[in-house]
C-alpha cells in the first residue's frame, strides 16, 4: 500500500507542472481580457500538432519542433486575439459574447486538427526513443518526465521574472487592474495585450507539447486540459501571480492521489468537484461578511 | 425515403434539446452546459428500464423526468449561488462529473461499453419498430413540447423570465422572486432534455456515455444560438441546418468521416461570425 | 403622518462617508424635493431607501416599519415603493408595452404561469402610455427609444405600479419642454390621488413649482429643510451650488 503513494505523488507533480503552464498563461490572458477564453485550449493543441507535424515528417528534431510549435502557437493565439476578440471588445461585447465566440474558435481549431491529423492519439517521442526511468523515493520517473519538470521550472522562473520584476510586467499589471486609467495615462493597452497574448499562447503551446511528450495528445483532450488550467487558476487564487502555480500542483496531486482508491477515469470528476467545493466555500465566506 | 424519416427523427430529438436550451438561454439569459447530462439521464433511465424490465416506454419517459427533477432542482439551487462567469464553469463541471458517473458506475450503466438492445416501444397496440411509426411518436412529443414552450413564452411567467435576462435586480424590486423563477425554468428545461434522451435511447437502441459529453452540450448550444435566441421557430431552423448540413456535404462527395468535422468547423465559423455581426442568431429576438 | 423616517443614516464607500448621519422625515401625501449638488449623497440615500445598497448604520422606517437592509437588500415592492433612476433602467430588449405590462403581472410563479397576455389589464397600460404619449410606440423595443423617451417610459412604469410612495431621480433631465410640462402635471396628479412623492432634482423651477417642502443635502448631511421658496433663496444654499467666490462676485 505504501509503495504506490510515492508514485502517485510523482505523477501528481508531473501533472501539476503541466497544469501550471496552462493555468499561468490562462490567467495572464484572463486578467487582461476579462473573459473565459476557450480558444486557449485550441492554441494548446496548435503547439502540439505543429510539433507533431515537424517530427512526423522528419523536418526537424525534437527541440526545434518544440520551439517552432511554441512560436506558432503564440502566433495563432495572437492572430485570434486581433481578428476576433479585439474587434468584439471594441464593439463593447459582453463577456458572454466573447465566451461564445471563443467556443466557436475552439470548435474550428479542433475540427481542422481532426481533419488533418485524425482522431488518434499520438506521442511526440517515436517508439525507438530510449526511455530511462529513475527510481526516486520509491516511485519511478522517466527521463522525459524529468525533462518536463525542468522545462516547467525554467518557464515558471522566466515568466515570474518577466511579469514581477520588469517594467513591462508592472505595466501589464496596471492594465489588468484598471484598463481605462491605463489608457488615460498613455499606455497602449492594445499593444501590450497583444504581446501578453502572444507570450501566453506560446506558453500554453509549450504545455501542449509537454503533454504530447508525456501521456500523448489527441484532439478531444485539449479542452479538458484547458479546464484543468482554469480550475487550477481559480483554486490557487487568480489575484496572485503565483497563485495558479500553487493551484496547479495542488490539483495535480489531489487528482492523482484521489484515484488511489478509484480508477483513473475519475480524475476529471475529482477536479471539478474540487472546483465546485472551492467556489461554494468562497461564496459562503463572502456571505458571512 | 427511409433515410428522410431517419433525418426527421433526428430533427425531432435535437429540436427538443434546442428548445429546452433556448428557453433557458434565449428567454431567461442563463447559459447551461449541463443539459447534455439531463439528456443522458433520460436516455439511461429509459434504456435500463426497457432492457431489464417490462416497463412501458411512456412510463420510462415519465420516470426519467421524475429522476431528473430533484437532481436539476438541486443543481439549479447550487448554481444560483455563483456569478455569471463562475456559473458557466460550474455547469460545465457538472456535465463532466455526470459524464464521469455514466462512464464509471459500470455496475449500473455498463460504463463505456454502453447499453445495447434497447427495444422500440409498443404502445396502444402500435409497434414502433418501424421508423415511420417512430417518427410519428417523435413528432408528437416534439409538437407537445413546442406548444408547451410556446405557451410558456406567452404568459406572464415568460415575461418575468425575460426581465430576469434583462435586469434581474430591477425585476426583483418589482416583487418577483427571481430565484424561484430561474429554478422552475431550469427544472422544466432539464425535464424536456430528459424526454429527448428517452426518445434517443429507444431509437438508436444503443447508448454510451460519449453521446452525453461536453461536446454534446456545446453542439446543442450552437444550434440554439445559430437558430436564434428567444425564437422557437429559429431553433427548428437551426436544428434543421444541423441535421441537413452533413447530408449536403455527403451529397457533394465529401467522405463520411470528414463530414461531421466539417460541420463542426462550419458551425464554429458561423458562431464566430454571428457574434461579430449578428449576436441574436438568424431568427433571434435577443442579442447577447 | 410620517411616511418615511430616516434616522442617523450612514454609508461609507471606500474611505468616504458618502452619507453621514443623515436624518429626515417625509410626510404622507406630500411632494418632497430632495436637492443638493452632485456628489452630496442624494442618490445614495435613495439607494439605501430602495434596497439598492445596504445600510452601514442608522435606521429607516417606512410606514413605521423598520427596513432591515443591513445584510440583505430590501424589496421595494413589499414596501409599496416604486422609483425611477437617473439613468433609466428599463428592459431594453422588451417592447415598450411589455415594460409596463410587467409591473401589472401576477407576482407569484404559479399564478403568473397561468396568466396569458391578452385578457388582463391592457386597458391600464394603454391609459398610462397615452398619458405620456408613448402609446404609439408601444411595439418598439425599449432599447431603440431616445433618452427622453426612455425616461418617460420608466416614469410611466411607476404610474402603472400605483404604489403609495413614488421616488423620481431627476425625471426632468433630458426631456423636451412639452414633456416636462406633462410630467409635472402627472406628479401633481400623483399627490392628488394620495401618494407620497420624493423628487430628486437639479431643475429648481420644477422644485419650486411642485415641492411642498425641500430637503437640502451637502457632503452627506442634511443642511436645510423647509418651504422651497424660502430655502432656495437663502444665500448659504445658493453658495453650495454656485460656489462661494462666484456668488460673491
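The values are calculated or read from the model by the stated rules, or taken from the named source; none is laboratory data. Computed from a predicted model, the values in this text were never measured in an experiment. In this analysis, Cβ positions are derived from the backbone assuming ideal geometry, glycine residues included, and neighbour counts consider all displayed protein chains.
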Would you pick out the residues in the stretch A:65-95 that are over 25 Å from residue A:211 (Cβ atoms) and free of Cβ contacts under 8 Å to residues at least 12 places away in the same chain? A:83, A:87, A:90, A:91, A:92, A:93, A:94
Wholly within the stretch C:1-120, which strands (runs of 3 or more DSSP E) include no fewer than the required count, namely at least 1 residues that are surrounded by fewer than 20 Cβ atoms within 10 Å (Cβ to Cβ) and away from every other protein chain (no Cβ under 14 Å)? C:2-13, C:16-27, C:57-62
Report whether or not residue B:276 is free of Cβ contacts under 8 Å to residues at least 12 places away in the same chain, in a helix (DSSP H, G or I) and facing chain A (nearest Cβ under 10 Å). yes
Can you tell me which condition residue B:107 does not meet? The list is (1) at the interface with another protein chain (Cβ under 10 Å from one of its Cβ atoms); (2) modelled with pLDDT under 85; (3) more than 22 Å from residue B:202 (Cβ to Cβ), and all the others hold. (1)
Condition check for residue A:123: within 12 Å of chain B (Cβ to nearest Cβ), at pLDDT below 85 and in contact with a helix residue (DSSP H, G or I) (Cβ under 7 Å, 6 or more places away or on another chain): no
Looking at B:91, B:149, which one is assigned to a helix (DSSP H, G or I), surrounded by 19 or more Cβ atoms within 10 Å (Cβ to Cβ) and either within 14 Å of chain A (Cβ to nearest Cβ) or out of contact with any helix residue (DSSP H, G or I) (no Cβ under 9 Å at 6 or more places or on another chain) (or both)? B:91
Within the stretch B:52-87, take every residue that is in contact with a strand residue (DSSP E or B) (Cβ under 9 Å, 6 or more places away or on another chain) and assigned to a helix (DSSP H, G or I) and give me the one that is surrounded by the most Cβ atoms within 10 Å (Cβ to Cβ). B:57
Would you point out which residue out of C:178, C:185 is under 26 Å from residue C:26 (Cα atoms) and loosely packed, with under 15 Cβ neighbours inside 10 Å? C:185
Subset of the stretch C:103-117, residues in contact (Cβ under 8 Å) with a residue 24 or more places away in the chain and touching a helix residue (DSSP H, G or I) at 6+ places or on another chain (Cβ under 7 Å), comes to C:103, C:104
Which listed residue is without any contact (Cβ under 8 Å) to a residue 60 or more places away in the chain, assigned to a helix (DSSP H, G or I) and either out of contact with any strand residue (DSSP E or B) (no Cβ under 7 Å at 6 or more places or on another chain) or closer than 26 Å to residue B:288 by Cα (or both), from B:49, B:21: B:49
Sort out which residues of the stretch C:195-211 are farther than 16 Å from residue C:169 by Cα and modelled with pLDDT of 90 or more, and write them in order of number. C:195
Quickly run through the stretch C:188-205 and pick out the residues that are within 21 Å of residue C:87 (Cβ to Cβ), in contact (Cβ under 8 Å) with a residue 60 or more places away in the chain and out of contact with any strand residue (DSSP E or B) (no Cβ under 6 Å at 6 or more places or on another chain). C:201, C:202
Listed by range, helices (runs of 4 or more DSSP H) wholly within the stretch A:188-289 having at least 3 residues that are more than 14 Å from chain B (Cβ to nearest Cβ) and crowded, with 24+ Cβ neighbours inside 10 Å are A:189-214, A:243-258
Determine which member of the set B:237, B:185, B:225 is at the interface with chain A (Cβ under 9 Å from one of its Cβ atoms) and either under 30 Å from residue C:94 (Cβ atoms) or surrounded by fewer than 22 Cβ atoms within 10 Å (Cβ to Cβ) (or both). B:225
When residue A:110 is run through (1) within 14 Å of chain B (Cβ to nearest Cβ); (2) touching a helix residue (DSSP H, G or I) at 6+ places or on another chain (Cβ under 8 Å); (3) loosely packed, with under 13 Cβ neighbours inside 10 Å, the failure sits at (3)
Select from the stretch C:221-249 the residues that are modelled with pLDDT under 85, at positive phi and surrounded by 13 or more Cβ atoms within 10 Å (Cβ to Cβ) and list them in ascending order. none
Residue that is farthest from residue B:194 (Cα to Cα) [pool: residues in the stretch B:25-46 that are assigned to a helix (DSSP H, G or I) and within 13 Å of chain A (Cβ to nearest Cβ)]: B:26
Checked against (1) out of contact with any strand residue (DSSP E or B) (no Cβ under 6 Å at 6 or more places or on another chain); (2) at pLDDT below 90; (3) facing another protein chain (nearest Cβ under 8 Å), residue C:124 satisfies every condition except (3)
The lone exception for residue A:202 - which of (1) modelled with pLDDT of 85 or more; (2) more than 19 Å from residue A:113 (Cβ to Cβ) it fails: (2)
Of the residues in the stretch B:152-173 that are more than 8 Å from every other protein chain (Cβ to nearest Cβ) and under 25 Å from residue B:195 (Cα atoms), the one that is surrounded by the fewest Cβ atoms within 10 Å (Cβ to Cβ) is B:153
